[in-house]
Amino acid sequence: MNTNNNYHHFTSLTLMFCALSFPVTTLYADDSVALNKVVVTATREVKNSNDLAATVGVADAQEIKTVSPAHPSEILNRQAGVHINNLGGEGHMTAIRQPITTGGVYLYLEDGLPTRPTGFFNHNALYEMNVAQAERLEVTKGPGTALYGSDAIGGIINSITKPAPEKAELMINPEVGTDSWKRLLISGGQPIDEDTGYRLDLNITDTKGFRDEAEYKRISSTLRVDGYVNDDTSFKTIISVTQVDQSGVSSLETEDYKNETTKNLFHGDVGAREVTAIRLSTEFSYEPDNDSLISITPFYRHNKMKMMPSWMVTYDPNVREYEFDSFGVQSKYRLNMPGGIQFIAGLDFDYTPSSYIETDVEKLTLNGEGVYSEFKKNGEKNYDYDADQQSISPYVHSEWQVNDALRLNAGLRYDYFKVNYENKVGKTTSTSVRPDDQDIEFDQLSPKLGATLQLNNKHNTYVNYHHAFRAPSVGQLFRAGQSINSTELDPVKADSYELGLRGRLSESLSYDLTVYVMKVEDDIVNIYDGTDQKTVNAGETEHKGIELSLGGKIVDELGFNLAFSYTEHEYDAFQYVYKCFPPTCTPTIKETRDFAGFDVGKAPVTTGNLSFQYKPDYLPKAQLELEYEQVGDYYTDETNTDEYQGHDLVNFRLNYQYDAQTEFYARVMNVGDVRYSTYTRIKVGSDNIEYRPGLPRSFYVGYRLNF
């Protein structure tokens, strides 16, 4: 376990205990502290959080509006145990009970529907959702219930759209900021008739970015129609469309990171990407009586991305075009039975045809300052394949209210996947392993168990065991690079154990405390073999930690929210044969490296977020917020040789409600203008550390006009 950089550990623990010393109540609730939150992710229906044997964090509409996030990290990192970094634009990686990773161990949902099918995970996928205009965000930490399958290992993030309004309304929200930041949010809707209404949300964002030639543009729109067919049947239709145009943003080695953080080694279209994401779904809900519900949700997804992988520019430059269409349905039957028993059964089906074309880059133009300004494709295809995936997943979930205090739940899900792969470009070359045409099948049985116990009217405890898994992605299977037998990759399997306690210690102190242990087998990792990057199944890893959430008021005018986590991520069993060739190694060496007992790289030991909200009596229309963010130290690779020392940031926000129709706001991010890295790693094929510079001091102002 990491033991250096004790300052960051001490700072985080000191803040936590200082917060515990105050008598508090939750800021966003009334003065009587509520134990209960309303959540919908667990069973795709409204549930009382006290009934859930799980840790779920919620950011509601008021908090999202107050924070006004320019990046998903700005709102989600306020949850204990959640760390999302900023890679430029809205690019990101996530760390929830896992290291900072690009791996598909998270499930991203929009109104309960996965935004991407299994096998097509994108670590940047939150930029395909309109987070800034969500009604609420729910974060389930650790594996989900039996209603969710592959990828829900580290956690689930569910973005819930705003419903149609009961009367006509319109909100216009322009915002400007540092580095030519411009954003326009428009939200409005009205009833169509007495049974139907609609809402349309629009997000137009444009910025130059603080790095050289780091422009970013997005246009997102969400149309939601809510209505009733009759007294027993309702429907909800959602159409989401997002287009993203993002420039390439490079990492920097130590010298540039320390002296020239605005420098970007990728200019023009080098490392850039263009994304189109479209989703259409209609949920039909039929409630014949108070005890039963049938819901059916047919859906369609279309996703297209053209990109030059920024992480491969220096050692294997190429241009890629992905495209997939998904056709599927989610179905669920819920029955409340005598004796306090609830039974849920369902079937999810998904069919996703996809294509992937990768073209080799022949020439990169490199100037004297190490900047890549343009490139030329040679017309040769490294890869050209189709991969059509089918999945079918039946599940059952049951809950039993044994008595007033004890509630039990159990679930079982079976997932079956079949991928039909067709290689369209020929045999393996010296640089590209191309698997032969084949069908690949995976199946997995996932049990879930849990219990909640109401200790008294102030405290609630819960325990759970969840088995979860992640199927290898289509890219890992068939875009093999130099990996031999990539089609033989096994699914990642995880066993998660969790114990939680939540409630209030007094009328003025609420809390949520969780301890977890997760064992992961066959984790899919990238290893560096000389100058080649290969994908393999690791042996075993162990992930354990503590998460604490607090929130409340110190006095009537001053409130606070605290989120803190402490984690340990270690290899229990993992080794591979390492090769190193001249000129990096002279002479050529070949050795077996054993990482058992080593920390998993890129895994912050601590993360913390502490915010104070001040609503002065002498200025009742204003709210000021001071926010402190902390990311602890971590090793930059699996050898545990070099460390990133972590960072501490301070942000400031001001909201002023001028009248019922008009609100002004401002925020300052990174008040201290701290130089920090959002992601730090050892560069592929070398011993150099690479840093991803974070946002310097930045200013934003905007207003909301309601009609």
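The values are calculated or read from the model by the stated rules, or taken from the named source; none is laboratory data. Since the model is a prediction, treat every value here as computed from it, not as a measurement. Note: ideal-geometry Cβ built from the backbone for every residue, glycine included; neighbour counts use all protein chains shown.
Every residue in segment 425-451 that is in contact (Cβ under 8 Å) with a residue 24 or more places away in the chain, among the charged types (D, E, K, R) and in a strand (DSSP E or B), please. Answer for segment 425-451, where residues must be in contact (Cβ under 8 Å) with a residue 24 or more places away in the chain, among the charged types (D, E, K, R) and in a strand (DSSP E or B): Glu441, Asp443, Lys448. Only residues that are surrounded by 16 or more Cβ atoms within 10 Å (Cβ to Cβ) and closer than 30 Å to Asn670 by Cβ were counted across segment 189-213, and they come to 11.
Condition check ((1) crowded, with 17+ Cβ neighbours inside 10 Å; (2) farther than 21 Å from Tyr127 by Cβ; (3) touching an Asp or Glu at 6+ places or on another chain (Cβ under 8 Å)) across all residues:
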residue: Ile160; (1), (2), (3): yes, no, yes
residue: Pro165; (1), (2), (3): yes, yes, no
residue: Lys182; (1), (2), (3): no, no, yes
residue: Ser187; (1), (2), (3): yes, no, yes
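Mind checking which strands (runs of 3 or more DSSP E) fall wholly inside segment 62-130 and carry at least 2 residues that are closer than 25 Å to Tyr516 by Cα and touching a helix residue (DSSP H, G or I) at 6+ places or on another chain (Cβ under 7 Å)? It would help to see each step written out before you state the result.
Values: elements: 82-84, 94-96, 106-110.
The qualifying strands (runs of 3 or more DSSP E) are 82-84.
In segment 452-496, what residues are surrounded by 20 or more Cβ atoms within 10 Å (Cβ to Cβ), of a type in the set (Ser, Thr, Tyr) and free of Cβ contacts under 8 Å to residues at least 60 places away in the same chain? Of everything in segment 452-496, those that are surrounded by 20 or more Cβ atoms within 10 Å (Cβ to Cβ), of a type in the set (Ser, Thr, Tyr) and free of Cβ contacts under 8 Å to residues at least 60 places away in the same chain turn out to be Ser483, Ser486.
Being out of contact with any Gly (no Cβ under 6 Å at 6 or more places or on another chain) and over 22 Å from Arg301 (Cα atoms) narrows it down to one residue among Lys418, Lys381; which is it? Walk me through how you get there before you give the answer.
Details: Lys418 fails: over 22 Å from Arg301 (Cα atoms).
Just one listed residue meets the conditions, Lys381.
Pairing residues of segment 351-365 that are over 13 Å from Ala387 (Cβ atoms) and touching a residue at least 12 places away in the same chain (Cβ under 8 Å) with residues that are aliphatic (A, V, I, L, M) and surrounded by 15 or more Cβ atoms within 10 Å (Cβ to Cβ), at Cβ distances under 7 Å and at least 6 apart in sequence or on separate chains, gives Thr359/Val319; Val361/Val319. In the set (1) in a strand (DSSP E or B); (2) within 21 Å of Tyr216 (Cβ to Cβ); (3) of a type in the set (A, V, I, L, M), the condition left unmet by Met171 is number (2). Residue count for segment 134-151 satisfying the condition of being within 30 Å of Asn203 (Cα to Cα) and of a type in the set (A, V, I, L, M, F, W, C): 3.
Residue-wise test of (1) surrounded by fewer than 19 Cβ atoms within 10 Å (Cβ to Cβ); (2) touching a residue at least 24 places away in the same chain (Cβ under 8 Å); (3) more than 18 Å from Asp269 (Cβ to Cβ); (4) within 30 Å of the chain's Cα centre (by Cα).
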position	(1), (2), (3), (4)
Pro309	yes, yes, no, yes
Val319	yes, yes, no, yes
Leu335	yes, yes, yes, no
Gly340	yes, yes, yes, no
Ser373	yes, yes, no, no
Gly379	yes, no, no, no
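Of the residues making up segment 620-629, those that are surrounded by fewer than 22 Cβ atoms within 10 Å (Cβ to Cβ) and within 20 Å of Val67 (Cβ to Cβ) are Lys621, Ala622, Gln623, Leu624, Glu625, Leu626, Tyr628. The sole residue among Gly209, Gly227, Gly197 that is over 21 Å from Ile160 (Cβ atoms) and of a type in the set (Gly, Ala, Ser) is Gly209.
Taking segment 635-648, which residues are surrounded by 21 or more Cβ atoms within 10 Å (Cβ to Cβ), in contact (Cβ under 8 Å) with a residue 60 or more places away in the chain and touching an Asp or Glu at 6+ places or on another chain (Cβ under 7 Å)?
Here is the first cut: in segment 635-648, the ones surrounded by 21 or more Cβ atoms within 10 Å (Cβ to Cβ) are 635-636, 638, 644, 646.
Next cut, in contact (Cβ under 8 Å) with a residue 60 or more places away in the chain only: 635, 638, 646.
Selection gives Tyr635, Gly646.
Going through Leu610, Leu619 one at a time, which residue ends up being at pLDDT 90 or above, assigned to a strand (DSSP E or B) and of a type in the set (A, V, I, L, M, F, W, C)? When all the criteria are applied, what remains is Leu610. Has segment 94-117 got at least one residue that is crowded, with 23+ Cβ neighbours inside 10 Å and under 20 Å from Asn561 (Cα atoms)? Yes, because at least one residue in segment 94-117 is crowded, with 23+ Cβ neighbours inside 10 Å and under 20 Å from Asn561 (Cα atoms).
Take the residues in segment 30-47 that are under 22 Å from Pro143 (Cβ atoms), touching a helix residue (DSSP H, G or I) at 6+ places or on another chain (Cβ under 8 Å) and not charged (D, E, K, R); name whichever of them is modelled with the highest pLDDT. If we take residues in segment 30-47 being under 22 Å from Pro143 (Cβ atoms), touching a helix residue (DSSP H, G or I) at 6+ places or on another chain (Cβ under 8 Å) and not charged (D, E, K, R), then Val39 is modelled with the highest pLDDT. Considering the conditions (1) of a type outside the set (Val, Ile, Thr); (2) assigned to a strand (DSSP E or B); (3) under 30 Å from Gly552 (Cβ atoms); (4) out of contact with any Leu (no Cβ under 9 Å at 6 or more places or on another chain), Asn456 is excluded by exactly one of them, (2).
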